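Student: Submitted below is the structure of interest, expressed as structure tokens.
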Amino acid sequence: MKSTDSLLISLYQKGDEEALSTLIHRHQRELFTFILYKINDQDLANDIFQDTFIKIIVMLKEGRYNEEGKFILWAKRIAQNLIIDHFRAKAKNIKVSETTFESDEFSIFDLIREPSENIEDQLVSLQIQEDLLKMLQFLPQNQQEVIKLRFFDGLSFKEIAEHTDMSINTTLGRVRYALINLRKIMEENNIVLTR
């Protein structure tokens with residue numbers, strides 16, 4: 001019989017290290033995919049993934065996990081915060097010295113070159129994703145699942161259908177209804193998500 005996350009957490013807090021191993025093994029792929037999708041850098045994703053589980057372990061040992069939702073959502077919030085912290089620290093560390101401009105090979109683009117979005121855009125994107133995660137709580141569970149898989153985990157509709165044992169048409173329908181419901185929630189609460 002498969003143990004629930006709550007049971008595994010309880011067992012770990014009572015000293016059962018194997019329970020933690022089971023919990024990590026159960027969620028490592030989903031959590032790593034979530035992190036990698038956010039930052040699109042394999043090495044950095046590995047670092048943040050490890051930091052996330054270290055923080056999870058510390059918080060569990062300190063008894064700071066309360067059963068307010070699913071473990072994986074809590075773990076993703078921790079990862080999200082670590083990602084934001086990383087980009088904030090990176091933004092603070094960009095310095096230009098006087099000697100930087102003395103070289104003929106210097107280009108201002110060396111300082112601002114980013115693979116896709118700049119740091120500010122990345123922080124705004126992360127904030128939008130956090131706001132969206134909060135709004136998802138108002139959707140039915142089956143719509144929450146397909147939205148998370150599609151837009152947060154980056155799965156294709158075919159992959160979602162396989163993951164959830166649904167047909168592609170059912171998957172498309174659920175995503176469509178979820179987006180309609182999210183728009184209604186945004187309109188009713190005057191929420192605007194912009195870059």
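The values are calculated or read from the model by the stated rules, or taken from the named source; none is laboratory data. Quantities reported herein were computed from a predicted structural model and do not represent experimental measurements. Please note: Cβ atoms are built from the backbone with ideal geometry, for glycine as well, and neighbour counts cover all protein chains shown. The area values use the complete protein model at the heavy-atom level, side chains included, leaving out ligands, DNA and RNA. Shrake-Rupley method; radii C 1.70, N 1.55, O 1.52, S 1.80 Å.
Student: Looking at region 74-88, which of its residues are open to solvent by less than 50 Å² (accessible area, probe 1.4 Å) and either at pLDDT 85 or above or among the small types (Gly, Ala, Ser) (or both)?
Tutor: TRP74, ALA75, LYS76, ILE78, ALA79, GLN80, LEU82, ILE83, ILE84
Student: Cβ-Cβ below 9 Å, separation at least six or inter-chain, first residue in region 51-63 and open to solvent by 50 Å² or more (accessible area, probe 1.4 Å), second modelled with pLDDT under 85 and among the charged types (D, E, K, R): which pairs?
Tutor: VAL58/ARG64
Student: Here's a check for you: in region 138-160, which residue that is charged (D, E, K, R) and open to solvent by 60 Å² or more (accessible area, probe 1.4 Å) is nearest to THR33 (Cα to Cα)?
Tutor: Restricting attention to region 138-160, the residues satisfying the condition of being charged (D, E, K, R) are 145, 148, 150, 153, 158-159.
Right, trim to open to solvent by 60 Å² or more (accessible area, probe 1.4 Å) and you get 145, 150, 158-159.
Details: GLU145: 15, ARG150: 12, LYS158: 17, GLU159: 14 Å.
Out of the qualifying residues, it is ARG150.
Student: Would you pick out the residues in region 1-50 that are aromatic (Phe, Trp, Tyr) and open to solvent by 80 Å² or more (accessible area, probe 1.4 Å)?
Tutor: The one that is aromatic (Phe, Trp, Tyr) and open to solvent by 80 Å² or more (accessible area, probe 1.4 Å): TYR37.
Student: Among the residues that make up region 113-120, is at least one of them more than 26 Å from LEU31 (Cβ to Cβ) and modelled with pLDDT of 70 or more?
Tutor: Taking every residue of region 113-120 in turn, none turns out to be more than 26 Å from LEU31 (Cβ to Cβ) and modelled with pLDDT of 70 or more.
Student: Which of the residues belonging to region 42-69 are farther than 19 Å from SER21 by Cβ and modelled with pLDDT under 85? Step through it out loud before you land on a result.
Tutor: Let us first name the residues in region 42-69 that are farther than 19 Å from SER21 by Cβ, namely 42-45, 47-48, 62-64, 66-69.
GLU62, GLY63, ARG64, ASN66, GLU67, GLU68, GLY69 - these are the residues of region 42-69 that are farther than 19 Å from SER21 by Cβ and modelled with pLDDT under 85.
Student: Inside region 145-174, can you point out the residues that are in a helix (DSSP H, G or I) and closer than 17 Å to ALA75 by Cα?
Tutor: GLU145, LYS148, LEU149, PHE152, listed by residue number.
Student: So, in region 28-38, of the ones that are without any contact (Cβ under 8 Å) to a residue 60 or more places away in the chain and out of contact with any Phe, Trp or Tyr (no Cβ under 6 Å at 6 or more places or on another chain), which residue ends up nearest to SER3 (Cα to Cα)? Show your work before the answer.
Tutor: If we filter region 28-38 for residues that are without any contact (Cβ under 8 Å) to a residue 60 or more places away in the chain, which is where we start, we get 28-29, 31-32, 35-36.
Filter once more, so that each one left must be out of contact with any Phe, Trp or Tyr (no Cβ under 6 Å at 6 or more places or on another chain): 28-29, 31, 36.
Numbers: GLN28: 16, ARG29: 18, LEU31: 19, LEU36: 28 Å.
Across region 28-38, the extreme among qualifying residues is GLN28.
Student: Could you please find all residues in region 161-177 being closer than 23 Å to GLN80 by Cβ and either open to solvent by 60 Å² or more (accessible area, probe 1.4 Å) or at pLDDT 85 or above (or both)?
Tutor: HIS163 - this is the single residue of region 161-177 that is closer than 23 Å to GLN80 by Cβ and either open to solvent by 60 Å² or more (accessible area, probe 1.4 Å) or at pLDDT 85 or above (or both).
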